[in-house]
Amino acid sequence: MTLSTPAATSANTPGGTLPATPDYDAWPVEVAIHNVSHTPHQVEVRWEDGRVSQYHSIWLRENAADDSTVNPATRERILDLSRLGAWPTVSEARLDDAGALEIVFAPEQCRLRFHPGWLRAHDYTHLAELDAPLPPATLWKGSERDAPTTLDARDWLDTDDDPLAPDACLESALEAVIGEGLVRLRNLPTEPGSLDAIARRIGPPRATNFGTLFDVRAKPDPDSNAYTSIALPPHVDLPTREYQPGLQLLHCLENDTVGGEAVMMDGFAVAEALRERHPEHFATLTRVRWCYANTARTTDHVWYAPMIKLDDDGNFDEVRIADFLRGPLMPPFEDVEPAYAALMALQRLLREPEFALRFTYTPGDLVIFDNRRLLHARDAFDVGQGGRRWLQGCYLERDEARSRLRMLRRAHRKQRVEVLGQG
Ligand SMILES: [Fe+2]
């Protein structure tokens, strides 16, 4: 029998070298493996703190980190399980001198090693006990808070380009955006166009027919109500797209107008209130597809979707609320009256002051909010006395915020590996 061993190694421990992991991440070994046992189809790992974890042989085989499973240059999988010839089973399993799990897989007769920190972090027999990879959504009402979560961001652009450099302000901002759907940064520069570099600390902006950066100020011949001084009702931007932008950034460059106060509300909290008070209307709004349309002079964006969307676990995923961007409802005949009854129940909730958080933009302020969750609105503002109000905006995807926060958390794990002397 010929046993192959993984070529890549990544970490040193007193008893030997820990194996690589199938990613670029760092996985500190906070709890060591005590012992292991196995059957052909499962490996049982008992940890020093008493936890017992089970892993399937096929799952372990696919998640090995050796060069026959993962391309070491990209850390992307190259193994095709269906080409192994037979279901991978475990013929040997033991704890090696470095503290890693070592397995001999049949029918390949290959010996593969697994990093204990990585195994513990991916223990799918204890999903509820794993560290949450990202903050959960916490619903809020404006009446419960004085202001958005606010951070002093004067150093936002004076930071290291290394994506693994710690950045407490960026990390706090992303946690607030992902958890609360909103953060306000203050003391940023007010040069026109500086928003692009500010946004790119998180990720690349998403261009639309309004440009990559758009100016929110009253202008002649407007192609959106946003570019006037009239009040805007609570809305998300671009529900007219199959995939509406995940994040919106609004950067205040000038504001000495009277009025024009910003209003934000948590669309998930409003939807939750609808579910509690009017479950039948809530069900209707998760089912009936509304028309969202932005039929400008040179573009014609139209999409049909429910107003409230839940994810596969029943949690809120997005809302599409923007009365001024709805086209004609084209539902099955019997849905018309229930749909409008549900819409009006929602509209009445949107007018309840308890949901709204109101604040005034100061030059140098920037708000980042989840555009598929938060509704933004503004009061009418008066430009008649020579006052100016100029916001620049752009869109990002939620993916960029999640990726950036994962990188910052990876940086913490890397530091921890160094502290523990495992790197
Ligand atoms: Fe808007």
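One table, with the values for the structure above:
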item: Cα→Cβ-extended label distance, 7 Å offset, between Asp312 and Arg145, nm; result: 3.0 nm
item: Magnitude of the charge dipole, segment 9-131, Cβ model with Lys/Arg +1 and Asp/Glu -1, debye to 20; result: 260 debye
item: Thr74-Asp161 FRET efficiency (beta carbon distance; Förster radius 25 Å; 0.05 resolution); result: 0.70
item: Segment 85-98 - phi-based ³J(HN,Hα) in whole Hz, Karplus 6.51/-1.76/1.60, Gly and Pro as x; result: x, 7, 4, x, 10, 9, 9, 9, 8, 7, 8, 8, 5, 7
item: Principal-axis tilt of helix 336-350 within the chain, Cα atoms, nearest 10 degrees; result: 90 degrees
item: Å³ per residue enclosed by the Cα convex hull of segment 9-131; result: 103 Å³
item: When the chain is reduced to its Cα atoms, the Kirkwood hydrodynamic radius in Å; result: 24.7 Å
item: Pair Phe333, Arg154: separation of 7 Å Cα→Cβ label points (nm); result: 6.8 nm
item: Label-reachable residues, segment 341-356, where backbone N falls under 20 Å from a point 7 Å from Glu272's Cα toward its Cβ; result: 346-356
item: Zone of Thr298's modelled label, taken as backbone nitrogen in segment 221-253 under 15 Å from a point 7 Å along Cα→Cβ; result: 221-224
item: Mean Cβ neighbour count within 10 Å, used as a protection proxy, ranking 292-304, 71-83 highest first; result: 292-304, 71-83
item: Most to least packed among 180-188, 31-39, 357-365 [average Cβ atoms within 10 Å]; result: 180-188, 357-365, 31-39
item: Length added when fully stretched, Asn35-Val419, from 0.36 nm per residue minus Cα-Cα; result: 135.7 nm
item: The chain, dipole about Cα centre (Lys/Arg Cβ +1, Asp/Glu Cβ -1), debye to the nearest 20; result: 420 debye
item: Order by protection proxy (mean Cβ within 10 Å, highest first), peptides 392-403, 339-350; result: 392-403, 339-350
item: Surface accessible to a 1.4 Å probe, Leu391 within the full protein complex, Å²; result: 10 Å²
item: Projected label distance in nm at Val258 and Thr228, using a 7 Å step from Cα toward the beta-carbon; result: 2.1 nm
item: Dipole-positive endmost among Ala65, Thr125, Thr208 within the chain (Cβ charges, Cα centre); result: Thr208
item: Length released on extending from Arg200 to Asp131, taking residue separation times 0.36 nm less the Cα-Cα span; result: 22.1 nm
item: Length gained when the stretch Ser82-Ala207 is fully extended (0.36 nm per residue, less Cα-Cα span); result: 40.9 nm
item: Helix 168-180 vs. the chain, principal-axis angle (Cα, 0 to 90°, nearest 10); result: 70 degrees
item: DSSP-defined beta bridges in the chain - what % are antiparallel, rounded to 5; result: 95 percent
item: Over the chain: helical MRE at 222 nm, DSSP H runs n ≥ 4 each giving -39500 (n - 2.57), nearest 500; result: -6000 deg cm²/dmol
item: Selection from Leu325, Phe282, Cys252, by position along the positive dipole direction of segment 241-381 (Cβ); result: Leu325
item: Those residues of segment 136-154 whose amide nitrogen sits under 12 Å from the label point placed on Asn187, 7 Å along Cα→Cβ; result: 151-154
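The values are calculated or read from the model by the stated rules, or taken from the named source; none is laboratory data. A quick note: this is a predicted structure, and the numbers were derived from the prediction, not measured. Ideal geometry is used to build each Cβ from the backbone, glycine not excepted, and the neighbour counts take in all protein chains shown. Note: accessible area is taken over every heavy atom of the protein model, side chains too, but ligands, DNA and RNA are not part of it. Shrake-Rupley method; radii C 1.70, N 1.55, O 1.52, S 1.80 Å.
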